[in-house]
Amino acid sequence: MKGDRVEIVVDAGDTTRTYEVVATRAGRRVETVVRRGVVEVSEVTRRGSVVRTARFMANRVLALVEQPVPRQPLREDPET
């Protein structure tokens, strides 16, 4: 969903660096996969096409924070 984002905090030797991957348009989502020692964060369309990908060595990743957009509560039916 537009606005979903993932923050990745990476050890860069003497300091840390923070990267963000954000779902920039309606219908896109952010997916996170860890495989073969690599953390891969991708922005994906509704049909599953990858728009962009960020890859990090898993042993360098200090934190991976998924921050979904706050969803609107469902409206209650005033007649019930």
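The values are calculated or read from the model by the stated rules, or taken from the named source; none is laboratory data. Remember, predicted model here, so these are calculated numbers, not experimental data. We place every Cβ from the backbone using ideal geometry, glycine too, and count neighbours over all the protein chains shown. Heads up: the accessible areas ignore ligands, DNA and RNA and are worked out on the full protein's heavy atoms, side chains in. Shrake-Rupley method; radii C 1.70, N 1.55, O 1.52, S 1.80 Å.
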query: In whole angstrom, how long is each semi-axis of the equivalent ellipsoid of segment 15-66, when you take the square root of 5 times every eigenvalue of its Cα gyration tensor and sort them from largest down?
result: 22, 13, 8
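Per residue, how much accessible area does segment 3-53 have with a 1.4 Å probe, in Å²? Walk me through the numbers before you get to the answer.
Numbers: 3270 Å² over 51 residues.
Normalised by residue count, the accessible surface of segment 3-53 is 64 Å².
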query: Each residue of segment 26-32 in turn: what ³J(HN,Hα) in whole Hz from Karplus with 6.51, -1.76, 1.60 and θ = phi - 60°, glycine and Pro shown as x?
result: 4, x, 8, 9, 10, 10, 10
query: For Asp11, what is the net charge nearby, where nearby means another residue's Cβ is under 11 Å from its Cβ and Lys, Arg count +1, Asp, Glu -1?
result: +1
- line: Net charge near Arg47 (other residues with Cβ under 15 Å of its Cβ; Lys, Arg +1; Asp, Glu -1) is +2
- request: Quick one: which residues, 5+ away or cross-chain, put their amide H under 5 Å from the amide H of Arg28? H built at 1.01 Å from N.
  value: Lys2
